[in-house]
Amino acid sequence: MGRRHKKSGHKKSKGRPQSSTEYSDGGDEQEGIQENDKVFEIQISDIMGRFITSTRKILPGEVILSELPIVVGPCADCGAQCLGCYKSLDNGESGLVRCECGWLICSKTCPGIYTPLGHTQMECSILRNSESAKAFNTENLSEIGLHLQAIAPLRCLLLKSGDTKNFEIIMAMEHHNDIRKNISQIWNTNQINVVNRIRSNWGLTEYSESEIHTVCGVLEVNSFEIGRRSKVRGLYRTAFLISHDCVPNTNHVDDENYKLTIRASKEIYPGQAITLNYAPTMQSTLKRREYILNNKFFECLCERCSDPTELGSYFSALICPKCQTGLILCEKPICFESSWSCNNFPKRCVGYNMSARSMELLLNRISQEVEKLGCNDIEGMEAFLDRYKNVLHETHYLNFGVKVSLSQFYGKIDGFLIHELDDNALERKIYLCKEVLRIFDVIEPGYTRIRGVTQYEIHAPMMIQLTRRLTKKSAISKSEMKIKLKEIVKYLSEAKIILEQEPAESPEGQMGSAATQALLQIKDWEKIDA
Ligand SMILES: C[S@@+](CC[C@H](N)C(=O)[O-])C[C@H]1O[C@@H](n2cnc3c(N)ncnc32)[C@H](O)[C@@H]1O
């Protein structure tokens, strides 16, 4: 697995820091932040290349940077999409609509036609002149996705004559060509779907093969997945500098104009690296490291990856089948081939070992079971947890994913609507939310979307428990009620702060407004009670 890895180990940064103004030529990357209050500067390390660190203490929720993209385009694995607004397309009732260049669009009035971050006039005439749409097989719309793969790279290349400053910024981004060219699956796919398409099929020979491979690499390594409705990627002139950590200290959102806002999710100290998680946070160390190696082309050596317990979350731990009390942990988590053994050995266990390969096979088999679970199937999920209770640690990532789903679905699914839940089911939802929060406090702490959602989720069963106790006149003293209400207000208040950062129309944004309403209602309650 290590063959793609060029650099290893974190080293201290060296060289002089560059201020963000010096680097970005006074861009808008810290919009809303005073010139004399820049919160980050650029550093360079042998291992990570450029990365950013804070110049002062940054508080949770503070905006670190906010910027519009340089380039937006369909993701490499998108299906048929509108070239202007990226809406997914199907043959639908109205059939397929084509732009003047012959490419498919959602409608003649698509808001993304002839706009800088959609289908520009320049792109339209290039695609028309090259007769690029002639090759479309509209009988098979998924094939259109292959043509769309070349659009984001083309948009980067068009900056060469249209916006040289941004073209230079893009070409100076990390592309890892030296590693990627040895991965035939990546390089050959790009050669066929992007390089040959742009140069041979569309006749744009002014762009060299190496230039096209470079923009492919830049997009793979640096782009952000954005947009709510479809698979869209964007390149940003400053945000790409943020380095990776499996326990990040920022979160990000993008709005309807693809403006990206990076906020601190927890306190960041002066000089500390500003980080985000490039990998899916709810995966085990093995899976995250594999993802980063295969998609971002480096080996993660962060604290979470280096610790066999994943900072006490036991996200990858199995229960020892020999002694039943010990945990099977990876001996050297930052080595893909490392074996696994019982942590009770030698004192309380005769010993149990597993090879990396056996662990991989076991987890793949259990993952397939998780994937088969219907997303509404609360009983199926509970049965899964019960089936593996003596195999997987209670917060193993496969259990944990199921628990996160359950923490949200109890109260929302037919037959399990919140007012239909009996006392045990309410208690179960509260228990799951608390467990989910306990683990996210370790792996994604602070002001993060999932913590906000879970804090919102926990308030409803707690409120219902309280009202049931009042109406049933089960003994509840005034002081106990006050304590319960205080706890609910604490959850809702943090949910409100976190979720109000989300776009108002998004489900999370709407939860934020609902949290505000719920807080007002509790205030009324308190008045009545008083
Ligand atoms: C989005 S770019 C970040 C900017 C890049 N360092 C540069 O100088 O242009 C991602 C690349 O930065 C490097 N990188 C980021 N975080 C890293 C980390 N935690 N450890 C090692 N390399 C890292 C890797 O080369 C990765 O592919």
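Annotations
- Helical content of the chain, expressed as a calculated mean residue ellipticity at 222 nm, amounts to -12500 deg cm²/dmol (DSSP H runs of 4 or more residues, -39,500 (n - 2.57) each, divided by residue number, nearest 500).
- From phi via Karplus (6.51, -1.76, 1.60), per-residue ³J(HN,Hα) for segment 301-314 in Hz, x at Gly/Pro: 10, 5, 4, 5, 5, 7, 9, x, 8, 6, 6, x, 7, 6
- Shape of segment 460-506, Cα gyration tensor, a/c cut at 1.5: oblate
- For segment 467-530, GluC sites (Glu not before Pro) meeting the loop criterion (DSSP other than H, G, I, E, B) and having at most 14 other Cβ atoms within 10 Å: E505.
- Positive minus negative residues near A133 (Lys, Arg vs Asp, Glu; Cβ under 13 Å): 0
- Anchor K266: lysines whose Cα lies under 19 Å away (excluding residues fewer than 8 positions away in-chain): K38, K57, K490, K496
- Note, ³J(HN,Hα) from phi for segment 54-66, Karplus 6.51, -1.76, 1.60, rounded to Hz, x at Gly and Pro: 7, 9, 7, 5, 10, 8, x, x, 5, 6, 8, 7, 8
- With every protein chain in place, the chain: carbon and sulfur % of accessible area (1.4 Å): 51 percent
- Shape class for segment 71-143, computed from the alpha carbon gyration tensor (a ≥ b ≥ c): rounded, with a/c under 1.5.
- Measuring nothing but how far apart in sequence close Cα pairs (under 8 Å, 6+ apart) lie, relative to its length, segment 298-398 scores a relative contact order of 27 percent.
- Segment 331-418: trypsin sites (Lys or Arg not before Pro) in DSSP coil with no more than 10 other Cβ atoms inside 10 Å: K347
- Segment 143-236: C-alpha gyration tensor shape, a/c 1.5 cut-off, then a/b vs b/c: rounded
- Value of relative contact order over the chain, rounded to a whole percent, pairs C-alpha under 8 Å and six or more apart: 12 percent
- Proximal aspartates and glutamates relative to K486, as straight alpha-carbon distance under 12 Å, when same-chain residues fewer than 8 apart are discounted: E526
- Taking 14 Å as the straight-line reach from the Cα of K134, the aspartates and glutamates in range (excluding those fewer than 8 positions away in the same chain) are E100, E143.
- Around E369: net Lys/Arg minus Asp/Glu count, Cβ-Cβ under 13 Å: 0
- Helix axis angle, 423-443 relative to the chain longest principal axis, alpha carbon, degrees: 50 degrees
- Farthest toward positive dipole pole in segment 410-530 [+1 Lys/Arg, -1 Asp/Glu at C-beta], among P445, A518, S506: A518
- For segment 81-225, the relative contact order is 20 percent, taking Cα pairs closer than 8 Å that sit 6 or more residues apart in sequence and dividing their mean separation by the residue count.
- Close amide H partners of Q81, meaning residues 5 or more places away or on another chain with modelled amide H under 5 Å apart, are L89.
- Within the shell of other residues whose beta carbon sits under 10 angstrom from the beta carbon of E206, the net charge comes to +1, with Lys and Arg scored +1 and Asp and Glu -1.
- Accessible area expressed per residue, segment 410-530, with surrounding protein chains retained (probe 1.4 Å, Å²): 52 Å²
- With θ taken as phi - 60° and the Karplus curve 6.51 cos²θ - 1.76 cosθ + 1.60 applied, the whole-hertz 3J(HN,Hα) list for segment 452-457 is x, 4, 5, 5, 5, 4 Hz, x standing for glycine and proline.
- Greater than 32 Å apart at Cα, pairs in K231/K412; K287/K484; K231/K403; K429/K527; K429/K523: K287/K484
The values are calculated or read from the model by the stated rules, or taken from the named source; none is laboratory data. Bear in mind the structure is a predicted one, so any value in this text is a computation, not a measurement. Glycine also receives a Cβ, built like all others from the backbone with ideal geometry; neighbour counts cover every protein chain displayed. Each accessible area value is taken on the protein alone, full model and side chains, heavy atoms only, with ligands, DNA and RNA left out. Shrake-Rupley method; radii C 1.70, N 1.55, O 1.52, S 1.80 Å.
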